[in-house]
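Beneath this line is the structure, given in structure tokens, with notes to follow.
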Amino acid sequence: MNILVVCHYGMYRDLSSSFVHAQAKAYAALGHRVRVVVPIAIGKENWGGKRMSSPLQKREIDGVELFLLRYLSLSKYGEKRFNTASALRAVRSHLNALLDGFAPDVIHAHTLGFDSEIGAWLKGRLHVPLVVTTHGETVCEAWGRNPVLLKTLANKADAVVSVSSMLQKQLLETHVNIKTPIILNGFHVESAHFQKDKLPLSIVQAGYLVARKKADVTIRALASLRKRHPGVTLDIVGSGSELSRFQALCNELDVTDAVRFHGFLPNSQTLQIMSASRFFVMPSVQEGFGIVYLEAMASGCVTIGTEGEGIADLIISGENGFLVPPDDPDAIVQTIEWCLGHPDKASAIAERGRRDALNLTWEKNAKQYTALFQEFSGY
């Protein structure tokens with residue numbers, strides 16, 4: 001099967017940790033031919049660190065054919081219309097080169113909006129089925145909550161895959177007229193680090209430092225825990241617009257010596273920190289699924305997520321991890337203290353979490369997707 005993937009550069013920037021590239025590699029490993037179109041704005045650094053380059057660059061990595069396509073972007077000012085229209089113009093201009101020697105059987109676009117609009121245009125031009133994956137980018141965020149817009153975007157595809165039942169529920173509430181299966185993400189199983197001997201009072205959170213990731217809730221939980229467990233520490237990995245606010249909160253709560261802000265780290269270094277940590281906490285909201293939870297579980301962390309979010313499809317609270325209410329640092333404190341008081345039970349929960357996470361391979365994910373593709377392509 002020839003699979004044409006459309007994915008914006010934000011999800012393809014770091015090939016070592018890009019879940020879209022991991023999935024594309026899995027398609028190729030199953031014997032399919034995979035070509036990926038990656039639109040990148042003029043002025044953004046490409047894989048080689050260059051901000052200006054030829055309009056179309058071709059590479060083959062890990063058995064995947066990559067086409068990096070430059071287009072003019074107005075950044076956030078062009079998000080609603082201009083950027084997508086500009087990327088479509090670039091696709092039209094270079095279509096012969098993008099399809100040279102390649103006849104797609106199916107188009108797989110990532111995200112409803114920018115990528116799916118390109119995919120929909122290609123579907124109309126090439127007369128092949130379009131499958132879109134929503135990762136929560138439009139279903140969860142404010143502009144994506146416009147049900148008319150969401151329904152319009154979704155109905156241009158033959159199927160929209162949700163990475164969690166939470167996203168599927170929100171999608172179905174718009175009364176879309178297409179197939180809406182759930183396929184859980186995989187993760188880089190081979191990259192997982194596991195260290196049996198962990199620091200008992202160590203907590204880690206990893207992700208962009210934006211408001212919805214709720215690192216402030218984790219910091220408040222750390223401050224409460226420290227009153228009874230003075231050796232507790234918190235490692236925060238990631239960068240983002242809320243860094244200064246979180247640092248100020250640490251000063252306010254007098255926990256600066258217990259909290260380490262690492263900034264952005266390569267995925268391999270993040271996994272090493274996880275492997276040494278006893279607890280992973282990320283009480284985020286509007287979370288489509290959250291691959292970082294899988295990485296933490298595979299690293300043997302006692303993993304604490306948020307009730308009602310995408311990760312609830314995998315974590316069964318008290319069995320292979322824990323789920324707590326949003327914006328509730330006391331619930332995080334109570335969970336960690338229960339684990340400290342019941343170390344054998346907590347270890348068993350972490351081990352079940354590790355087992356369940358390691359079952360979510362990209363090979364398994366790719367087989368589910370290709371079975372879906374075959375339903376529409378007649379391949």
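The values are calculated or read from the model by the stated rules, or taken from the named source; none is laboratory data. A quick note: this is a predicted structure, and the numbers were derived from the prediction, not measured. Positions of Cβ are generated from backbone atoms using ideal geometry, with glycine treated the same way; all protein chains shown enter the neighbour counts. Keep in mind that these areas ignore ligands, DNA and RNA; they rest on the heavy atoms of the full protein, side chains included. Shrake-Rupley method; radii C 1.70, N 1.55, O 1.52, S 1.80 Å.
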*asked:* Any residue that is of a type in the set (Phe, Trp, Tyr) and either surrounded by fewer than 20 Cβ atoms within 10 Å (Cβ to Cβ) or farther than 28 Å from Phe289 by Cβ (or both) - is there at least one of those in segment 47-54?
replied: yes
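Across segment 282-303, which residue is modelled with the highest pLDDT among those that are among the polar types (S, T, N, Q) and either open to solvent by less than 10 Å² (accessible area, probe 1.4 Å) or in contact with a Gly (Cβ under 6 Å, 6 or more places away or on another chain) (or both)? Give the derivation first.
Kept after step one, since they are among the polar types (S, T, N, Q), are these residues of segment 282-303: 284, 286, 299, 303.
The next check asks that each one be either open to solvent by less than 10 Å² (accessible area, probe 1.4 Å) or in contact with a Gly (Cβ under 6 Å, 6 or more places away or on another chain) (or both); those that pass are 284, 299, 303.
Details: Ser284: 92, Ser299: 94, Thr303: 97.
Once the filter is applied, the top-ranked residue is Thr303.
Do the conditions hold for Arg228, that is, is it among the basic types (Lys, Arg) and at pLDDT 95 or above? Write out each step before concluding.
Numbers: among the basic types (Lys, Arg): yes; at pLDDT 95 or above: no.
In short, no.
For the subset of segment 89-109 comprising residues that are assigned to a loop (DSSP other than H, G, I, E, B) and either touching a residue at least 40 places away in the same chain (Cβ under 8 Å) or of a type in the set (A, V, I, L, M) (or both), which member is farthest from Arg59 (Cα to Cα)? Show your work before the answer.
Within segment 89-109, the first condition is being assigned to a loop (DSSP other than H, G, I, E, B), and the residues that meet it are 94, 99-105.
When the remaining residues are screened for being either touching a residue at least 40 places away in the same chain (Cβ under 8 Å) or of a type in the set (A, V, I, L, M) (or both), the result is 99, 102-105.
Numbers: Leu99: 14, Phe102: 15, Ala103: 18, Pro104: 18, Asp105: 21 Å.
Going through the qualifying residues, I end up with Asp105.
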*Since Ser86 meets every condition but one in (1) over 20 Å from the mean Cα position of the chain (by Cα); (2) touching a residue at least 12 places away in the same chain (Cβ under 8 Å); (3) open to solvent by 50 Å² or more (accessible area, probe 1.4 Å), which condition does it not meet?*
(3)
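Which of the residues belonging to segment 55-83 are among the hydrophobic types (A, V, I, L, M, F, W, C) and either within 19 Å of Ser18 (Cα to Cα) or loosely packed, with under 15 Cβ neighbours inside 10 Å (or both)? Walk me through how you get there before you give the answer.
Looking only at segment 55-83, we keep the residues that are among the hydrophobic types (A, V, I, L, M, F, W, C), and these are 56, 61, 64, 66-69, 72, 74, 82.
Selection gives Ile61, Val64, Leu66, Phe67, Leu68, Leu69, Leu74, Phe82.
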*So Cys140 fits all but one of (1) modelled with pLDDT of 90 or more; (2) open to solvent by less than 10 Å² (accessible area, probe 1.4 Å); what number is the exception?*
(1)
*Looking only at segment 64-96, which residues are within 19 Å of Ala120 (Cα to Cα) and of a type in the set (Gly, Ala, Ser)?*
Ala85, Ser86, Ala87, Ala90, Ser93
*Is it the case that segment 198-209 has a residue that's open to solvent by 10 Å² or more (accessible area, probe 1.4 Å), farther than 28 Å from Ser165 by Cα, out of contact with any Gly (no Cβ under 8 Å at 6 or more places or on another chain) and in a loop (DSSP other than H, G, I, E, B)?*
no
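Considering Glu287, Glu319, Glu309, which residue is acidic (Asp, Glu), in contact with a Lys or Arg (Cβ under 8 Å, 6 or more places away or on another chain) and within 24 Å of Lys169 (Cα to Cα)? So that I can check it myself, show each step before the final result.
Working: Glu319 fails: within 24 Å of Lys169 (Cα to Cα); Glu309 fails: in contact with a Lys or Arg (Cβ under 8 Å, 6 or more places away or on another chain).
Exactly one residue qualifies, and that residue is Glu287.
Across segment 328-362, what is the number of residues that are under 17 Å from the mean Cα position of the chain (by Cα) and not aliphatic (A, V, I, L, M)?
First pass over segment 328-362, keeping only residues under 17 Å from the mean Cα position of the chain (by Cα): 357-358, 360-362.
Cutting the leftovers down to not aliphatic (A, V, I, L, M) gives us 361-362.
So the count comes out to 2.
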*asked:* I'm told Arg245 meets every condition in (1) open to solvent by less than 50 Å² (accessible area, probe 1.4 Å); (2) in contact with a helix residue (DSSP H, G or I) (Cβ under 9 Å, 6 or more places away or on another chain); (3) assigned to a helix (DSSP H, G or I) except one. Can you identify the failing condition by its number?
replied: (1)
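Is at least one residue of segment 304-313 at positive phi and open to solvent by less than 20 Å² (accessible area, probe 1.4 Å)?
Going residue by residue through segment 304-313, those that are at positive phi are 308.
Still in the running and open to solvent by less than 20 Å² (accessible area, probe 1.4 Å): none.
Checked segment 304-313: no residue is at positive phi and open to solvent by less than 20 Å² (accessible area, probe 1.4 Å).
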*Return the pairs, sorted by first residue and then second, in which the second residue is of a type in the set (Lys, Arg) and open to solvent by 60 Å² or more (accessible area, probe 1.4 Å), the first residue lies in segment 314-331 and is over 27 Å from Ile182 (Cα atoms) and touching a residue at least 12 places away in the same chain (Cβ under 8 Å), the beta carbons are less than 6 Å apart, and the residues are 6+ apart or on different chains.*
Pro329/Arg220
